[in-house]
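This report refers to the structure that appears directly beneath it.
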Amino acid sequence: MTTNDLLEALARLRVETGSLACLGCGREHNCSTKGCRILREAADLIRQLAAENAKAEAERDALIEQIKERHDCRDCKHNDFCDFDSYTFLDCMNCVQEGCPCDGCFDSSRWEWRGLPEVKEEGEKA
């Protein structure tokens with residue numbers, strides 16, 4: 001179910017006031033002709049969270065593009081494939097190890113974001 005599907009379903013349900021589920025919910029005095037207060041607030045919260053999520057995704061995508069434009073192999077997920085970790089970008093791009101994704105990479109053409117570092121669970125040894 002998409003966010004819009006969920007919002008549409010909540011909009012259809014919010015007019016269902018006065019049922020047994022409504023008795024004693026504590027917000028029935030706020031329903032009036034606008035429909036169920038809880039369902040309206042849930043829909044508002046879903047809209048707010050969806051907007052925040054869309055903004056965060058746009059910021060993430062922009063940052064990934066900025067990182068990619070730096071042409072730094074240390075940010076690429078393929079950086080650990082071979083023994084070129086301590087080499088410069090040009091050395092990594094000139095990698096000739098068989099099967100290395102860096103082979104033939106030019107100007108970050110095969111660059112892929114390495115992602116967020118894994119967070120160790122509490123009690124795990126580093």
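Extension gain, ALA42 to VAL119: 0.36 nm times the residue separation minus the Cα-Cα distance gives 24.5 nm. With a Förster radius of 41 Å applied to the beta-carbon distance between HIS71 and VAL15, the computed FRET efficiency rounds to 0.15.
Site pair GLU112 and GLU52 shows an inter-label distance of 3.1 nm when each label is modelled 7 Å from Cα along Cα→Cβ.
From most to least packed by mean Cβ count within 10 Å, the peptides 57-65, 33-41 give 33-41, 57-65. Each other residue within a Cβ distance under 12 Å of ILE64 adds +1 if Lys or Arg and -1 if Asp or Glu, for a net charge of -2.
Coordinate-derived values only; no laboratory data. Fair warning: this is a prediction, and the values are worked out from it, not measured in the lab. Counting neighbours? That spans all protein chains shown, and the Cβs are built from the backbone with ideal geometry, glycine included.
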